[in-house]
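To start, the structure itself, in structure tokens.
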Amino acid sequence: AGDLGARLRASGGGCRIRMGGWFGRVAVEVVVTCAGVDTPDGHHDSLMLTGPSVAWLPVATRWFQLGARGGLLAGSIIGERTATVPCDRDRDEACGFRQVDERVRVHGFAASVGVTAQLTLGARRGGRFVVWADLGTQLARFQFADAVVAGRLTQLTIGIGHAHAF
């Protein structure tokens with residue numbers, strides 16, 4: 001949404017990778033959020049944001065956790081473009097211009113908020129599986145070559161994981 005939504009469209013899949021733990025009613029994680037995006041000129045790029053997240057869990061039982069989270073993320077939008085550049089006249093007199101593939105990288109940051117519900121399956125000791133759902137919004141700003149562009153990214157993620165109790 002916003003100016004970022006006018007410049008980019010979500011395409012393909014996305015992901016949210018979480019790694020961390022919860023201690024009483026507080027959870028601390030490092031998260032990675034990724035998404036495929038399309039530009040108006042037909043290019044397909046990758047958006048990735050990563051950073052720490054802290055959650056408050058008003059419901060935190062052995063088997064079920066429900067909480068609100070927030071964090072600060074940094075990342076980039078990366079893509080490939082074909083550019084026309086002048087040739088090296090010392091090497092080839094007949095060449096005027098040539099095409100090269102170059103990587104385009106746009107840096108940015110985001111404030112992330114969301115809610116997470118998690119169901120823990122299995123015994124308290126040893127490994128156990130986790131089923132979780134997360135609804136989150138990132139308020140992001142990216143520095144493009146021609147402007148600073150802000151917008152909102154909203155993502156619903158349903159996932160499975162593996163946890164280990166110590």
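Table for the structure above
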quantity	calculated
Residue list for region 1-17, filter: more than 19 Å from Gly71 (Cβ to Cβ) and touching a strand residue (DSSP E or B) at 6+ places or on another chain (Cβ under 7 Å)	Ala1, Gly2, Asp3, Gly5, Arg7, Leu8, Arg9, Ala10, Ser11, Gly12, Gly13
Condition broken by Ala123, with the remaining ones in (1) modelled with pLDDT of 85 or more; (2) loosely packed, with under 12 Cβ neighbours inside 10 Å satisfied	(1)
Residues (at pLDDT below 90 and surrounded by 17 or more Cβ atoms within 10 Å (Cβ to Cβ)) located in region 139-150	Val149
Condition met for Leu153 (modelled with pLDDT of 85 or more, touching a strand residue (DSSP E or B) at 6+ places or on another chain (Cβ under 7 Å) and open to solvent by 90 Å² or more (accessible area, probe 1.4 Å))	no
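The values are calculated or read from the model by the stated rules, or taken from the named source; none is laboratory data. Everything numeric here is computed off the predicted structure, so don't read it as measured data. No Cβ is skipped: glycine too gets one built from the backbone with ideal geometry, and neighbour counts run over all protein chains shown. Just so you know, the surface numbers come from the protein's heavy atoms only, side chains and all, with ligands and any DNA or RNA stripped out. Shrake-Rupley method; radii C 1.70, N 1.55, O 1.52, S 1.80 Å.
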